[in-house]
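The values are calculated or read from the model by the stated rules, or taken from the named source; none is laboratory data. Keep in mind that this is a model prediction, so the values were computed, not measured. Here the Cβ is made from the backbone with ideal geometry for all residues, glycine too, and neighbour counts use every protein chain on show.
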Amino acid sequence: MATISVGGKDIEVDEEGYLVNLGDWTEEAASFLAGQDELELTDSHWEIINFLREYYDEYQIAPAVRVLTKAVGKRMGKDKGNSKYLYELFPYGPGKQACRFAGLPKPTGCI
Amino acid sequence: MAKADIKVPEMHEYPVLPILQADAMKGSGPYIAKAGFQDPLGYPGELVDNWEDKAVEKMGDLLSRFRSLRVYLDSCVRCGACTDKCHYLLGTSDPKNMPVARQDLLRQVYRRYYTLPGKLFGKMGWQWGLDLIGAKEMNKDVLDDWYNYYHQCSQCRRCSVFCPYGIDTADISMAAREIMDSIGQGQKYCNEIIGKVYKIGNNLGLPERALRDTLEGLEEDIEDETGVKVRLPLDEKGAEVLLITPSADFFAEPHVDGLMGYAKVFHEAGISWTISSYASEGANFGMFIGSYENMRQISLRIRKAALDLGVKRIVFGECGHAWRVAYSFLNTLAGPFDFLDPHYPVPQHICEITSGLVKEGKLNLDKSRNDDMVLTFHDSCNVARASRMGNVPGGQFIIPREVIKAVCNNFHDMEANTIHDETFCCGGGGGLLTDDLMDLRVKGALPRMQALKNVVEEHGVTHMAAICAICKSQFTKVLPYYGFNMDKIVSVHQLVSNALILTGQEED
């Protein structure tokens with residue numbers, strides 16, 4: 001099993017770079033994972049990542065794209081409540097890339 | 001996650017056979033399933049001892065159960081009709097992606113162990129004889145090629161349309177995957193997903209509470225937009241219709257816009273309906289891995305949900321291979337469905353319902369609401385080549401187009417040899433819609449992208465509609481590689497939703 005080394009601690013990740021144990025997540029780990037994709041996390045990224053973690057905590061799955069865009073629109077203004085904004089932040093797709101940074105399992109299926 | 005190295009093939013005006021490059025796509029294939037993903041499906045967690053013998057034994061088991069498989073393996077005359085019909089061959093230039101070559105990967109082992117000359121030459125140790133008849137021992141090289149190249153087949157069956165003997169490469173690819181699963185080498189993407197269906201009820205792993213919350217959110221959205229309260233009911237006993245739809249419809253875009261379209265249609269027609277949290281998945285990945293047993297387990301969930309909820313009809317949403325399994329196999333897998341209302345076909349497609357309502361004049365449609373788009377339609381493989389719709393031959397081509405034309409003023413089909421039963425796969429079907437195969441998916445989309453480019457340039461087409469969750473997700477991802485916007489792909493019922501004016505709707 002592959003690991004990443006963050007803050008002197010080894011964290012297990014799967015083949016696709018997702019954390020194996022949700023409990024291993026730290027903010028530092030999120031920044032490290034983003035660095036692998038050559039992204040630097042800004043406040044805008046953190047707002048999304050924190051929402052994903054809150055939603056996961058309640059529902060044991062990442063939110064649907066529409067649920068996410070709606071929540072972002074409500075919290076951060078209507079101009080940001082669309083998938084275009086999310087793709088600008090997370091070019092590999094808000095569903096998968098943002099989930100990876102947030103330490104959540106990858107959503108699977110025909111998506 | 002390392003950045004994928006993706007080389008986009010060059011687009012031409014029409015599909016051309018590329019100059020072949022041997023081993024262009026040789027590789028280790030998609031991620032292999034770990035034990036945790038194999039167990040729930042009843043497969044060994046890793047390659048078993050004597051896996052060579054076990055694979056040959058499993059092949060014998062499949063040959064004894066499926067006469068068709070033996071016919072396909074025996075009857076190829078190497079005429080070459082299939083060679084340039086595969087989108088993966090056209091996109092990758094790798095000769096092993098010629099359908100005949102893909103079949104031969106299994107056929108060579110079949111010849112060694114299940115034909116008289118193969119058995120004889122093998123027993124005598126006469127390699128020249130095995131070479132003469134194109135037979136090979138089962139070994140690691142063969143297994144590696146199987147795993148790699150049987151995961152470069154989307155089981156779309158386009159090649160079989162052109163085969164004079166009707167050899168179905170998809171069936172061969174499914175058999176190969178079933179053999180590999182049985183010896184402990186399964187594909188992570190498919191097998192993890194099937195495990196989630198058993199545990200949670202759908203491919204996504206969307207639990208009941210999250211599903212309920214998502215559906216409530218969609219009800220709010222429709223009400224905000226139209227002023228009409230349209231319901232998306234979950235687990236409601238006594239509803240007339242059980243809707244079985246891919247879980248991507250709850251999660252992804254543009255799928256979810258289609259789901260809201262179904263809801264509006266049911267609402268306007270006054271048909272009570274429900275989604276089931278237990279069978280909250282239309283997709284049946286058991287088919288992709290060629291496993292009758294897993295396909296049946298997944299199908300039985302639909303039967304149980306229909307019985308528990310006491311529905312009278314089962315309707316399927318926009319999902320290609322769900323419709324194949326439903327239309328072609330559901331009755332033998334999970335039937336008889338004698339408890340349903342015999343006045344309706346079992347199962348019915350949502351496009352049949354909408355098309356029927358359009359003909360009866362029961363929907364108030366304003367086509368001009370889609371005037372900002374010029375549409376074309378992508379026939380999804382499993383609907384086009386493995387099922388039918390309605391009660392006339394070719395209904396699966398006619399009905400979705402009738403629906404689109406009823407709600408849109410502007411429609412142009414793509415070229416004749418790229419639609420209907422000659423349609424090109426989106427490049428992501430058959431269990432290949434996974435990030436670790438992105439390079440293959442981009443390359444496999446080439447012929448469809450060429451045909452799309454032509455109608456974009458000649459007829460000003462702006463959007464392409466589809467009735468398959470995989471197609472929609474695949475196009476969202478690959479369109480940008482060919483210079484198109486990702487939102488060029490739309491759901492058919494998204495168009496219906498745009499045009500449908502609900503009773504009591506506030507006009508804007």
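Structure above, values below:
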item	result
Pairs where the first residue, in the range B:192-209, is facing chain A (nearest Cβ under 7 Å) and over 12 Å from A:K106 (Cα atoms) and the second is of a type in the set (F, W, Y) and surrounded by fewer than 24 Cβ atoms within 10 Å (Cβ to Cβ), C-beta under 7 Å, 6+ apart	B:P207/A:Y59; B:R209/A:Y59
Residue identified as within 14 Å of another protein chain (Cβ to nearest Cβ) and of a type outside the set (G, A, S) among B:R441, B:R401	B:R441
Residue list for the range A:47-65, restricted to those being of a type in the set (D, E, K, R) and at the interface with chain B (Cβ under 10 Å from one of its Cβ atoms)	A:E58
Positions within the range B:307-328 being part of a helix (DSSP H, G or I) and in contact with a helix residue (DSSP H, G or I) (Cβ under 7 Å, 6 or more places away or on another chain), in sequence order	B:G320, B:H321, B:W323, B:R324, B:V325, B:S328
Residues of the range B:1-51 satisfying the condition of being in contact (Cβ under 8 Å) with a residue 24 or more places away in the chain, at positive phi and surrounded by fewer than 13 Cβ atoms within 10 Å (Cβ to Cβ)	B:D23, B:G42
Helices (runs of 4 or more DSSP H) wholly inside the range B:115-178 containing at least 3 residues that are closer than 19 Å to B:R78 by Cβ and in contact with an Asp or Glu (Cβ under 8 Å, 6 or more places away or on another chain)	B:158-162
Test: residue in the range B:156-168 that is away from every other protein chain (no Cβ under 14 Å) and free of Cβ contacts under 8 Å to residues at least 40 places away in the same chain	yes
Residue match in the range B:414-429 (condition: assigned to a helix (DSSP H, G or I), touching a Cys at 6+ places or on another chain (Cβ under 9 Å) and on the phi < 0 side of the Ramachandran plot)	no
Conditions (1) outside the structural domain of B:G429 (by TED's automatic domain parsing); (2) surrounded by fewer than 24 Cβ atoms within 10 Å (Cβ to Cβ); (3) in contact (Cβ under 8 Å) with a residue 60 or more places away in the chain: number failed by B:I172	(2)
Among residues of the range A:66-95, those that are at the interface with chain B (Cβ under 7 Å from one of its Cβ atoms) and within 14 Å of B:M486 (Cβ to Cβ), counted	1
Test: residue in the range A:2-15 that is more than 14 Å from the chain's Cα centre (by Cα), more than 9 Å from every other protein chain (Cβ to nearest Cβ) and part of a loop (DSSP other than H, G, I, E, B)	yes
Only listed residue being in the same structural domain as B:A239 (by TED's automatic domain parsing), farther than 30 Å from B:R177 by Cα and assigned to a helix (DSSP H, G or I), chosen from B:K304, B:K264	B:K264
Scan of the range B:123-155 for residues that are of a type in the set (S, T, N, Q), touching a residue at least 40 places away in the same chain (Cβ under 8 Å) and surrounded by fewer than 22 Cβ atoms within 10 Å (Cβ to Cβ), ordered by number	B:N139, B:N148
Selected residue [buried (at least 19 other Cβ atoms within 10 Å of the Cβ), closer than 20 Å to B:H321 by Cα and either within 14 Å of chain A (Cβ to nearest Cβ) or out of contact with any strand residue (DSSP E or B) (no Cβ under 9 Å at 6 or more places or on another chain) (or both)] from B:T214, B:T245	B:T245
Qualifying position, being closer than 30 Å to B:V48 by Cβ, among the small types (G, A, S), part of a loop (DSSP other than H, G, I, E, B) and more than 10 Å from every other protein chain (Cβ to nearest Cβ), among B:G184, B:G238	B:G184
Leading residue by the ranking (surrounded by the fewest Cβ atoms within 10 Å (Cβ to Cβ)) among those in the range A:30-51 that are small (G, A, S) and farther than 19 Å from A:S83 by Cα	A:G35
Filtered residue count, the range A:30-46, keeping only those that are within 14 Å of another protein chain (Cβ to nearest Cβ) and in a helix (DSSP H, G or I)	6
Residue in the range B:60-69 that is part of a loop (DSSP other than H, G, I, E, B) and within 14 Å of chain A (Cβ to nearest Cβ) present	no
Options B:Y278, B:Y262; residue that is hydroxyl-bearing (S, T, Y) and either in contact with a strand residue (DSSP E or B) (Cβ under 6 Å, 6 or more places away or on another chain) or surrounded by fewer than 24 Cβ atoms within 10 Å (Cβ to Cβ) (or both)	B:Y278
Where a residue in the range B:78-98 is under 12 Å from B:L440 (Cβ atoms) and its partner, wherever it lies, is among the aliphatic types (A, V, I, L, M) and in a helix (DSSP H, G or I), with Cβ under 6 Å and at least six apart	B:G91/B:L446; B:N97/B:L89
Residue that is more than 14 Å from chain A (Cβ to nearest Cβ), within 30 Å of B:A445 (Cβ to Cβ) and of a type in the set (D, E, K, R), where the choices are B:D144, B:D131	B:D144
Test: residue in the range B:256-271 that is within 14 Å of another protein chain (Cβ to nearest Cβ), without any contact (Cβ under 8 Å) to a residue 40 or more places away in the chain and of a type outside the set (D, E, K, R)	yes
